[in-house]
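Q: Here it is, the structure, as structure tokens.
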Amino acid sequence: MKRALILEKMEDGSVLNYQNIDLLNLSDGEVRIKVSYTGINYKDRLSVDASSKVVRKYPMVPGIDFSGIVVDSKAPDYSVGDQVLVTGYGYGTDHPGGYQESVAVKQEHLIRLPEEMTLKDGMIYGTAGFTAALSVDAMEKVLGNLDGKKILVTGGRGGVSSHGVLILHKLGAKVSVATRSFEHKEYPESLGAHEVLFFDG
């Protein structure tokens, strides 16, 4: 048995409750991860709103990304003790996600935790940081070295935009942030934004 946060659909919406659920046997190619950290993403927020239709089957364990340690393995590429993280692949919407004590995961959905990162770091960056990093990588492929280049980031104080500003600043880019909430301009500036632009539209 294990503890999990279960999302169930009701006639007038949905409800979340902690429950004890069975620990299922692993299939070939799967590992069991003892969850150390899981993020709280915008998609997790949407999942508890049944009208959003983000969750496609019930009951469901939310949590679209998580990090942890392999405690059982039927996958040739992973062993007990490996530190891993998961982001995407429908966890928390189509497959039970990270808001539980352990998760069974297909080995092709795993990412080995880089040596420079802790399990907590993995979820501080999480899905938002990974998305931002992919965006910056795409910019570098088109623009080359970003040092000194002017880059506009939209999204205000969102997770992807915040990580994007941090990464771009670290790479030496001159980052401008567009926001509708000019009263919060100190936040992007604290992340390294060169200027904050206000737009009302």
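FYI, it's all coordinate maths here, none of it is from the lab. Just so it is clear, the structure is predicted and the values come from calculations on it, not from any experiment. Note that we place each Cβ from the backbone using ideal geometry, even for glycine, and neighbour counts take in every protein chain shown.
Q: Along each of its three principal axes, how wide is the spread of alpha-carbon positions in the chain, in whole angstrom units, largest first?
A: Its Cα atoms span 53, 45, 25 Å along the three principal axes.
Q: Which lysines does Lys149 reach when only Cα atoms under 20 Å apart count, and residues fewer than 8 places away in its own chain are ignored?
A: The qualifying lysines are Lys141, Lys170, Lys174.
Q: Where q = 0.23 Å⁻¹, what log10 of I(q)/I(0) comes from the Debye formula for region 154-198, counting one point per Cα?
A: -0.65
Q: With a/c under 1.5 counting as rounded, go ahead and sort region 63-130 into rounded, prolate or oblate using the C-alpha gyration tensor (a ≥ b ≥ c being the square roots of the eigenvalues; past the cut-off, prolate if a/b is larger than b/c, else oblate). Walk me through the intermediate numbers first.
A: Numbers: a/c = 1.65, a/b = 1.06, b/c = 1.56.
The shape class here is oblate.
Q: Any chance you could list P(r) for region 95-177, counting all Cα-Cα pairs in 5 angstrom bins from zero, rounded to whole %?
A: Computed distribution, short to long bins: 3, 12, 20, 21, 16, 12, 8, 5, 2, 0.
Q: May I pose another question? How many angstrom lie between the Cα centre of region 119-145 and the Cα centre of region 162-201?
A: Measuring centre to centre over Cα atoms gives 16 Å.
Q: What is the spin-label model distance, in nm, from Phe199 to Asp49 if the labels are put 7 Å beyond Cα along the C-beta direction?
A: 2.3
Q: Computed over the Cα atoms, what is the radius of gyration of region 35-94 divided by 2.2 N^0.38 Å, N being its residue count?
A: Normalised Rg, Cα atoms only: 1.29.
Q: Turning to a different aspect of this structure: Taking only Cα atoms and a 10 Å spring cutoff, compute GNM fluctuations for the chain and point out the largest among Asp137, Asp82, Asp65.
A: Asp137
Q: Is there a quick way to get the dipole size of the chain? I mean about its Cα centre, with the Cβ of Lys and Arg at +1 and of Asp and Glu at -1; what is the value in debye to the nearest 20?
A: Around 220 debye, computed over the chain.
Q: Could you order peptides 90-99, 72-81, 25-34 by the average number of other Cβ atoms within 10 Å of their residues, highest first?
A: 90-99, 25-34, 72-81
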